[in-house]
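Everything below concerns the one structure shown next.
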Amino acid sequence: MIRRLTITLLPFLLFLLLWQATALLVEQLRMVPFPTPWQTLLRLGRLAAGEPLSDASLYRHVGDSLLRWLTGFGSAAFAGLLYGLAAGMFRRLELATGQMVHLLQLIPGLAWIPIAILVFGIGEPATVFMIAMAAFPPVAMTVLAGVRQLDGTYLRAARMLGAGKRAIFFRVLLPGALPAALSGLRLGMGNSWRVLLAAEMVVGTGTGLGYSIVESRWSLDYTAAFACLVVIALIGVLVEYGLFQPLEKKAGRYYYLEGGPQP
Amino acid sequence: MIELRQVSKRYGSGADTLQELSLTLAEHQFTCLLGPSGCGKTTLLNLIAGFVAPSSGQVLLQGQPVRKPGPDRGVVFQDATLFPWMSVLDNVRFGLQQQGMNDLQSTAVAREHLELVGMLPHQHVWPIRLSGGMRQRVAIARILALRPKVLLMDEPFSALDANSRERLQDELLRICDLCPTTVVYITHNVDEAAFLAERVLVMAPAPGNLRADILLPSPRPRPRTSQAFRAITGQLRSELDRLPCCISASLPDCLCSVEK
């Protein structure tokens with residue numbers, strides 16, 4: 001236990017050391033102030049205590065970012081799941097639209113900016129649209145691949161056992177695609193979170209973590225920008241360890257498919 | 001019971017896997033399809049199961065053409081393909097529920113058949129917790145519970161260790177004795193065919209898929225060490241020895257996709 005903790009924490013400590021060294025070096029060589037870990041932590045503490053940042057509290061920024069993210073990601077995840085299952089069930093749909101989803105995957109999230117702004121104008125819907133466009137393809141494609149994997153084995157067995165379309169969808173496709181869906185959601189979540197921050201920087205949303213980072217840069221308040229980066233990392237850690245790992249563990253208990261670890 | 005009339009099957013534009021095969025299988029007979037890999041055994045089974053359609057010719061079950069898979073032709077695959085998201089009991093109940101049974105009935109029937117294959121103590125376990133042999137037992141139970149007219153088995157025990165394989169062969173014969181079923185059993189193993197079959201069809205790659213049709217002397221089970229058993233394996237081996245070895249199949253059976 002202690003050994004594992006050391007192994008996990010050691011790189012983190014090294015990272016902090018590297019950060020400190022970089023800060024000192026930059027200050028010495030380039031004569032510009034570079035926030036140290038300690039300064040960042042202090043600033044984060046003040047922000048957490050309610051100090052305003054770009055005309056709003058840190059909580060407001062975090063809340064707004066999360067809300068945008070959940071709206072965009074939630075709708076994309078729902079659509080992606082539905083599409084993946086439908087395309088898995090009806091081969092014609094896959095033939096007609098599969099290539100388009102692949103193409104979507106190739107377009108970087110930020111490239112949607114002109115389209116998002118033309119369609120929705122500057123503001124909330126444009127950001128949400130970009131987030132959704134970044135999250136949809138990975139969810140749709142992994143779910144489809146997951147369903148395809150069921151073909152030939154579980155689908156064959158289900159049809160042989162006399163299952164109709166309804167039973168095949170709800171009792172075979174849906175639970176069978178769950179492990180794939182989980183990894184697709186994870187990919188989509190990461191994609192959309194990154195796009196969200198970038199979109200906030202560019203679209204000018206007025207609040208949000210990405211917006212605050214850009215604003216801090218304009219006002220040369222780099223410590224605040226660093227504090228925001230720490231918050232972003234913390235949210236990532238929270239989602240990973242608080243949401244996905246427990247979920248995957250739970251799913252893994254029953255869902256080891258062929259080739260999974262044997263008791 | 002099962003009749004194939006001049007059935008040919010090819011995948012895509014490749015060569016014929018089966019060519020002009022005609023065959024009649026009697027009711028309540030245990031038939032083994034014996035032959036090297038790539039000779040079209042699995043294709044033949046898939047045709048009867050309804051997973052693939054013949055390129056030409058007809059497959060008939062009790063005079064009716066086979067169009068799609070259904071519970072009257074239960075298939076036991078090489079891998080058990082139990083649904084990993086259902087308990088053992090629910091796996092067996094699945095097919096019964098599809099036939100419109102309510103919870104009480106399906107549970108009772110499922111338990112009865114789990115008992116038959118000796119898996120009742122494991123009814124609440126998840127398939128991942130079972131050994132390969134135990135999974136095949138459950139796979140057999142879920143098929144038998146549906147009272148199929150035909151039992152199609154595609155090398156069901158070939159992935160098991162030698163001991164489990166022989167135990168399951170014993171069990172299979174015992175079960176066939178209890179509830180008479182028409183069985184079509186694929187194997188490339190001479191001993192397995194000699195132990196299980198009443199009739200052995202030796203298969204080879206097209207053209208001329210059917211190389212020999214052998215009715216075995218009736219009393220079963222045949223003790224594996226007996227003189228009679230060795231005579232049968234000797235006969236089957238000499239049939240197989242006439243076939244070319246190392247067949248390059250144009251498309252392995254396992255790779256062909258399910259036709260809808």
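For B:L18, which sequence-distant residues (separation of 5 or more, or a different chain) have an amide H within less than 5 Å of its own amide H, given hydrogens modelled in the peptide plane? Amide H neighbours of B:L18, under 5 Å, 5+ apart: B:K9.
Taking the Cα centre of the protein assembly as shown as reference, the dipole from Cβ charges on Lys and Arg (+1) and Asp and Glu (-1) amounts to some 480 debye. With both residues required to sit in segment B:105-220, DSSP beta bridges show an antiparallel share near 50%.
With the highest mean first, a sort of the peptides A:26-32, A:163-169, A:97-103, A:222-228 on other beta-carbon atoms found within 10 angstrom per residue produces A:222-228, A:163-169, A:97-103, A:26-32. Taking every alpha-carbon pair under 8 Å whose residues sit at least 6 apart, chain A reaches a relative contact order of 23 percent. Taking the centroid of alpha carbons for each part, segment A:44-60 and segment B:172-240 are 80 Å apart.
Distance between the modelled labels on B:R67 and A:L118, one decimal in nanometres: 5.0 nm (7 Å Cα→Cβ projection). Per residue of peptide B:83-90, the mean number of Cβ atoms on other chains within 10 Å of the residue Cβ is 5. For the cross-link pairs A:K249/B:K149; B:K41/B:K68; A:K165/B:K149, the ones whose C-alpha atoms lie over 30 Å apart are A:K249/B:K149. Axis angle, to the nearest 10 degrees, between helix A:245-255 and the longest C-alpha principal axis of chain A: 10 degrees. Normalised by the number of residues in chain B, the mean separation of alpha-carbon contacts (under 8 Å, six or more apart) gives a relative contact order of 27 percent.
Of all DSSP beta bridges confined to the protein assembly as shown, the antiparallel ones make up roughly 50%. Kirkwood hydrodynamic radius, computed over distinct alpha-carbon pairs, for the protein assembly as shown: how many Å, to one decimal? That comes to 27.4 Å for the protein assembly as shown. Rounded to the nearest 10 degrees, the inclination of helix A:209-218 to the longest alpha-carbon principal axis of chain A is 30 degrees. Taking amide H atoms as placed 1.01 Å from N in the peptide plane, the amide H of B:L151 lies under 5 Å from those of B:T182, B:V183, B:V184, each 5 or more residues away in sequence or on another chain. Close amide H contacts of B:G57 (hydrogens built in the peptide plane, cut-off under 5 Å, sequence separation of 5 or more or a different chain): B:S8.
A plus B alone minus the pair: what accessible area, both sides summed, probe 1.4 Å, in Å² to 100? Don't skip to the answer; put the middle values down first.
Numbers: alone 16040 and 12470 Å², together 25800 Å².
Using a 1.4 Å probe on protein heavy atoms, the buried area is about 2700 Å².
Per-residue shielding of A:160-173, expressed as the average number of other chain Cβ atoms within 10 Å of the residue Cβ, stands at 5. Once the 1.4 Å probe is applied to the protein heavy atoms, chain A comes out at 56 Å² accessible per residue. Taking Cα atoms only, the orientation of helix A:58-89 departs from the longest principal axis of chain A by about 20 degrees. Taking every protein chain into account, the accessible area of segment B:83-147 amounts to 39 square angstrom per residue (probe 1.4 Å).
The accessible surface of the protein assembly as shown, taken with every protein chain in place and a 1.4 Å probe, is 62 percent carbon and sulfur. The spacing between segment A:98-120 and segment B:96-148, judged by their C-alpha centroids, is 49 Å. Positive-end ranking of B:Q19, A:F170, B:L151 along the dipole of the protein assembly as shown, with charges on Cβ about the Cα centre, is headed by B:L151.
The values are calculated or read from the model by the stated rules, or taken from the named source; none is laboratory data. Keep in mind that what you see is a predicted model, and the values were worked out from it rather than measured. So basically every Cβ, Gly included, is an ideal-geometry build from the backbone, and we count neighbours across all protein chains shown. To get the accessible areas, we keep the full protein, side chains included, count just its heavy atoms, and leave off ligands, DNA and RNA. Shrake-Rupley method; radii C 1.70, N 1.55, O 1.52, S 1.80 Å.
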